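The values are calculated or read from the model by the stated rules, or taken from the named source; none is laboratory data. None of the values given here were measured: they were computed from a predicted structure. Cβ: placed from backbone, ideal geometry, glycine included. Neighbour counts: every protein chain shown.
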Amino acid sequence: MDFLVIPAYKPDLTLIHLLQRVKAKSSLHVVVVNDGSPASYDSIFQEAQKYAIILCYPSNQGKGQALKNAFTYIDTLGQYGTVVTADADGQHNVWDIFRVSKKAQENPNHLILGVRSFSGKVSLRSAFGNKVTRFPFQRQTGVSVTDTQTGLRGFTTNMIPFMLEIEGQRYEYEMNMLLSASTKYPISEVPIETIYINDNQASHFRPIRDGFMIYKKMFKFALSSISSFLIDYIVYALALLVLATVPTSLKILLANGVARVTSSIVNYSTNKKLVFKNKDSVTKTGTGYFGLALGLFILDTLLIRLFYAIFGLNLLIVKIIVGSLLFCLSWLVQKKLFSKKGLTPYHEILKKSYTYASLFGMLLTGSFTYSMLKTFVLSEAITTVKSSSTSTSTTNAKTATNATKTNKSYKDDNVSINLTTKNVSNTKVYIADITVSSPKYLKTALAQNTYGNNVTAKTSVTAANNNAILAINGDFYGANTTGYVIRNGVVYRNTVREDASNGDLAIYKDGSFGIVYENDVSAEDLVKNGVVNLLAFGPTLVNNGKITVSSNSEVGQSMASNPRTAIGIIDKTHYVIVVSDGRTSESQGLSLYQLAQVMKSYGVKTAYNLDGGGSSTLYFNRKVVNKPTTNGTISERAVSDIVYIGY
């Protein structure tokens with residue numbers, strides 16, 4: 001059974017003429033709703049009763065409520081078919097009504113719109129109203145609708161429960177119908193004739209009041225999207241602070257993941273409950289939504305990583321750039337692929353939601369796994385370097401023979417090391433006081449004598465391979481793809497580090513230390529200026545004899561107690577190395593401020609924090625003397641490089 005619904009308020013004889021034509025040329029069951037018209041219009045409705053079922057109530061409730069009252073009446077009949085809505089002011093001719101009804105029959109579970117061309121003689125009010133609603137509607141939903149204000153619409157009767165849940169009593173109901181349908185049903189169009197009788201003076205549309213009601217839901221929808229973006233960005237920024245010491249690839253993945261999950265949940269809940277007031281179960285509506293969200297997360301994360309690697313910009317700036325590009329790209333793709341069919345990506349996802357959710361899940365898992373492997377496992381040798389050790393030299397052999405060694409000291413003609421331990425804040429701390437005859441005995445070495453991505457070895461292994469007397473882990477350059485790498489006067493990487501405001505420790509030929517900032521000088525110029533080795537981790541603990549971190553700064557790092565490694569200088573041949581245990585029942589670890597206090601107590605002029613946590617290792621006299629922790633066990637972590645004293 002096919003129905004035609006006509007809401008009417010203060011109609012004229014145009015309504016009767018329309019009903020007569022429909023009755024003569026079709027079998028449509030017509031329902032006219034008298035939306036509280038004054039008694040003076042009773043004669044019109046009495047005449048209309050010859051051609052239609054008349055529903056009426058004493059006061060004007062609005063077009064939206066009139067439509068819903070008619071839908072309720074049709075739903076009680078329990079007859080499957082189509083429902084077409086048309087205006088009573090003569091704007092819709094009979095043949096267009098029939099075409100919309102036929103389109104609805106051919107396309108069940110579609111919302112069919114009879115759309116005007118807006119060419120030629122068109123009411124200024126209608127043309128303006130349509131233009132100012134089309135663009136925001138398309139931006140918000142991804143659906144291109146030619147005529148957002150058309151009253152000629154069709155759908156199958158099984159969609160009536162959905163139509164009754166839509167908010168709105170007046171003209172805003174029709175816009176709310178479009179917004180709600182855009183997330184659940186395809187929208188199809190039927191071109192219709194543009195008809196205006198007496199410049200559409202019969203319309204009861206109130207531009208200001210009804211216009212506000214029409215835009216209300218669109219504004220809520222836009223506000224929801226903007227709020228979600230702000231939440232996404234704020235959570236992302238906070239996560240970057242917390243994950244400051246995590247390798248770049250993993251940091252981007254985790255920060256973006258936490259931000260996307262948080263913002264997606266907020267956006268989904270807001271749109272479902274407040275904007276569209278959808279009562280379907282989360283399982284029914286959420287599978288497709290979060291499947292799509294997973295796909296966007298993967299693309300967003302990969303683009304952030306790609307843009308960061310290419311341009312080396314701050315990750316906060318990269319997030320804004322990528323977010324803006326994804327928004328524009330998404331809109332263009334939706335316009336190109338879905339506007340002709342009236343489909344949004346949500347419809348395509350919902351058609352095969354579990355398939356797509358599974359696909360996105362596999363892509364996410366693969367992306368995460370690859371990022372983890374690339375960050376921590378997959379090795380990529382870029383350059384093999386000559387070892388700085390001269391293990392076969394006669395000097396080395398002679399010195400080793402003449403050296404005096406104990407568990408706590410080492411002394412020969414050129415190197416003197418005294419190792420002491422102390423307890424600081426329930427933490428065992430190892431302090432090596434080192435004096436050398438020449439700064440050339442302070443050296444660095446790369447794991448496997450190779451520069452590359454994820455080329456690692458335990459500190460003790462690299463130290464033994466280079467005949468180190470004492471060694472500590474370095475800055476773990478291989479965990480990042482940016483940041484200067486200078487070793488033994490050779491520039492291996494010259495891209496500015498992500499947080500360039502965090503200074504690097506420059507070790508010069510004469511043995512002096514300096515703090516440099518990568519934004520201020522190129523890696524090549526540093527070498528020209530006498531830098532032999534550069535360590536890029538941080539932060540600086542002591543500079544010019546003053547502590548440069550506080551107990552309240554850098555919350556993500558300083559406030560946490562962890563195993564630590566640091567190096568300091570008293571003068572050009574006098575160094576102090578501090579390594580602390582942590583993450584064990586015997587030692588809780590140090591904060592950066594506590595580490596700086598230990599350094600300052602030994603009179604250093606400059607002190608610098610190196611890679612800590614599971615990397616913190618102190619090797620002395622051919623053995624590891626501290627208790628490195630990796631994944632909850634006492635064991636060394638493989639690292640990219642070491643700093644050592646040796647020949």
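Numerical summary
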quantity: Elements of type strands (runs of 3 or more DSSP E) in the range 367-442, at least 1 residues being under 26 Å from T630 (Cβ atoms) and modelled with pLDDT of 95 or more; calculated: 415-423, 428-436
quantity: Any pair with Cβ under 7 angstrom, 6 or more apart, that starts in the range 152-173 at a residue that is closer than 16 Å to Q61 by Cα and ends at one that is among the hydroxyl-bearing types (S, T, Y) and assigned to a helix (DSSP H, G or I); calculated: L164/T72; I166/Y173; I166/S180
quantity: Conditions (1) farther than 24 Å from A479 by Cα; (2) modelled with pLDDT of 95 or more; (3) polar (S, T, N, Q): number failed by Q588; calculated: (2)
quantity: Answer from A70, A86, A48 - the residue that is surrounded by 17 or more Cβ atoms within 10 Å (Cβ to Cβ) and more than 20 Å from H17 (Cβ to Cβ); calculated: A70
quantity: Strands (runs of 3 or more DSSP E) wholly inside the range 24-97 containing at least 1 residues that are charged (D, E, K, R) and either touching a residue at least 40 places away in the same chain (Cβ under 8 Å) or more than 26 Å from E172 (Cβ to Cβ) (or both); calculated: none
quantity: Enumeration of residues in the range 566-620 that are among the aromatic types (F, W, Y) and over 40 Å from the mean Cα position of the chain (by Cα); calculated: Y575, Y602, Y619, F620
quantity: Filter result (touching a Phe, Trp or Tyr at 6+ places or on another chain (Cβ under 7 Å), farther than 25 Å from Y441 by Cα and aliphatic (A, V, I, L, M)) within the range 468-513; calculated: A500
quantity: Residues of the range 594-647 that turn out to be assigned to a strand (DSSP E or B) and aromatic (F, W, Y), as a count; calculated: 4
quantity: Entirely in the range 471-545, the strands (runs of 3 or more DSSP E) that have 1 or more residues that are at pLDDT 95 or above and touching a Lys or Arg at 6+ places or on another chain (Cβ under 7 Å); calculated: 485-487, 531-535, 540-543
quantity: Given (1) of a type outside the set (F, W, Y); (2) outside any helix (DSSP H, G or I); (3) modelled with pLDDT under 95, number of the condition T14 does not satisfy; calculated: (2)
quantity: Test set (1) touching a helix residue (DSSP H, G or I) at 6+ places or on another chain (Cβ under 9 Å); (2) closer than 18 Å to V485 by Cβ; (3) in a strand (DSSP E or B); (4) of a type outside the set (A, V, I, L, M) - T462 fails condition number; calculated: (3)
quantity: Residue tally, condition within 27 Å of S561 (Cα to Cα) and buried (at least 16 other Cβ atoms within 10 Å of the Cβ), over the range 418-443; calculated: 10
quantity: Identity of the residue in the range 620-647, under 24 Å from T584 (Cα atoms) and of a type in the set (A, V, I, L, M, F, W, C), that ends up surrounded by the fewest Cβ atoms within 10 Å (Cβ to Cβ); calculated: I634
quantity: Enumeration of residues in the range 147-163 that are assigned to a loop (DSSP other than H, G, I, E, B) and not acidic (D, E); calculated: T148, Q149, T150, G151, L152
quantity: Members of the range 450-459 found to be in a loop (DSSP other than H, G, I, E, B) and polar (S, T, N, Q), listed by number; calculated: N454, T456
quantity: Subset of the range 146-160 that is buried (at least 23 other Cβ atoms within 10 Å of the Cβ) and of a type in the set (V, I, T) - its residue that is modelled with the highest pLDDT; calculated: T150
quantity: The listed residue being over 30 Å from A536 (Cα atoms), part of a helix (DSSP H, G or I), among the aromatic types (F, W, Y) and modelled with pLDDT of 65 or more, out of F307, F297; calculated: F297
quantity: Identity of the residue in the range 105-126, within 20 Å of K63 (Cβ to Cβ) and in a helix (DSSP H, G or I), that ends up modelled with the lowest pLDDT; calculated: R125
quantity: D510, sole failed condition from (1) surrounded by fewer than 20 Cβ atoms within 10 Å (Cβ to Cβ); (2) of a type in the set (D, E, K, R); (3) touching a Leu at 6+ places or on another chain (Cβ under 8 Å); calculated: (3)
quantity: Members of the range 560-585 found to be among the aliphatic types (A, V, I, L, M) and either part of a helix (DSSP H, G or I) or modelled with pLDDT under 95 (or both), listed by number; calculated: A560
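Let's see how each residue does on (1) farther than 30 Å from R305 by Cα; (2) of a type outside the set (D, E); (3) in contact (Cβ under 8 Å) with a residue 24 or more places away in the chain:
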{"site": "K408", "(1), (2), (3)": "yes, yes, no"}
{"site": "S425", "(1), (2), (3)": "yes, yes, yes"}
{"site": "N454", "(1), (2), (3)": "no, yes, yes"}
{"site": "D475", "(1), (2), (3)": "no, no, yes"}
